[in-house]
Amino acid sequence: GQQLNQSPQSMFIQEGEDVSMNCTSSSIFNTWLWYKQDPGEGPVLLIALYKAGELTSNGRLTAQFGITRKDSFLNISASIPSDVGIYFCAGQNYGGSQGNLIFGKGTKLSVKP
Amino acid sequence: ETGVTQSPTHLIKTRGQQVTLRCSSQSGHNTVSWYQQALGQGPQFIFQYYREEENGRGNFPPRFSGLQFPNYSSELNVNALELDDSALYLCASSLGGELAEAFFGQGTRLTVV
């Protein structure tokens, strides 16, 4: 089945630094989404991408849908302590009315004040 | 606008027992999906319900079953619980169709002993 490779697995950075993480797939997706999950909570949607090549921002976050439709990246600029958490990419295809999300294994971000 | 709510938040069951988890979808959303998230992993798709019909299923055995009600709330039932069923169970709701933005509840932490 489809699998997503998310990297890096973990990052430990200084407050104020920029962060970059990416996700690659063995097959194409119609939609890419990025979520953040805090301990004991459900994932929170950060950015949704619907078109190959699309670049979308949400505050300090910027994500891009790769041209090949097999990859996506997420950048966080000027990190702050509350950025700590696990970031997941998810890909989705729609066949008929079905559209389950395929998740990566996550990138754990730690920020040192 | 109310978000996705799940109950209970935590649950401990004995191997072989049955469990029912509940989810209220976000106002206006007609599609509910359930995911299982093992420790240190990304969420794995169990199944999806669209307008009270199962609309897709992941690689989970038949002892995982579900329902969606006319108000679009949903239940996940797991029979004959196994130790490996211990996980965070997440419910996500969306508008269905090609709008992929799924919003998650806080999850139910199930421990099987």
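The values are calculated or read from the model by the stated rules, or taken from the named source; none is laboratory data. The structure displayed is predicted, hence computed values, not measured ones. Neighbour counts run over all protein chains shown; Cβ positions are idealised from the backbone, glycine included. Surface areas here come from the heavy atoms of the whole protein model, side chains and all, with no ligands, DNA or RNA. Shrake-Rupley method; radii C 1.70, N 1.55, O 1.52, S 1.80 Å.
Tabulated results
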read-out	value
Enumeration of residues in region A:19-37 that are more than 10 Å from every other protein chain (Cβ to nearest Cβ) and aliphatic (A, V, I, L, M)	A:Val19, A:Met21, A:Ile28
Yes/no for A:Glu54 being on the phi < 0 side of the Ramachandran plot, away from chain B (no Cβ under 14 Å) and open to solvent by 20 Å² or more (accessible area, probe 1.4 Å)	no
Residue in region B:74-81 that is open to solvent by less than 30 Å² (accessible area, probe 1.4 Å), in contact with a helix residue (DSSP H, G or I) (Cβ under 7 Å, 6 or more places away or on another chain), part of a strand (DSSP E or B) and away from chain A (no Cβ under 13 Å) present	yes
Unique match (being assigned to a loop (DSSP other than H, G, I, E, B) and either away from chain B (no Cβ under 14 Å) or open to solvent by less than 20 Å² (accessible area, probe 1.4 Å) (or both)) among A:Gly16, A:Gly40	A:Gly16
Segments classed as strands (runs of 3 or more DSSP E), wholly inside region B:1-73, with at least 3 members that are in contact (Cβ under 8 Å) with a residue 60 or more places away in the chain	B:5-7, B:10-13, B:19-24, B:31-37
Enumeration of residues in region B:26-51 that are within 13 Å of chain A (Cβ to nearest Cβ) and of a type in the set (Ser, Thr, Tyr)	B:Thr31, B:Ser33, B:Tyr35, B:Tyr49, B:Tyr50
Test: residue in region A:82-95 that is part of a loop (DSSP other than H, G, I, E, B) and at pLDDT below 95	yes
The one condition in (1) away from chain A (no Cβ under 12 Å); (2) in a strand (DSSP E or B) that B:Leu88 fails to fulfil	(1)
Residues satisfying the stated conditions in region B:15-56, i.e. closer than 12 Å to B:Leu110 by Cβ and β-branched (Val, Ile, Thr)	B:Val19, B:Thr20
Any hit, region A:62-70, residues being over 26 Å from B:Gln106 (Cα atoms), surrounded by fewer than 21 Cβ atoms within 10 Å (Cβ to Cβ) and under 10 Å from the mean Cα position of the chain (by Cα)	yes
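For every residue, the table says whether it meets (1) under 19 Å from B:Ser24 (Cα atoms); (2) at the interface with chain A (Cβ under 9 Å from one of its Cβ atoms); (3) open to solvent by 30 Å² or more (accessible area, probe 1.4 Å).
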position: B:Gly56; (1), (2), (3): no, yes, no
position: B:Arg63; (1), (2), (3): no, no, yes
position: B:Gln68; (1), (2), (3): yes, no, no
position: B:Ser94; (1), (2), (3): yes, yes, no
position: B:Gln106; (1), (2), (3): yes, yes, yes
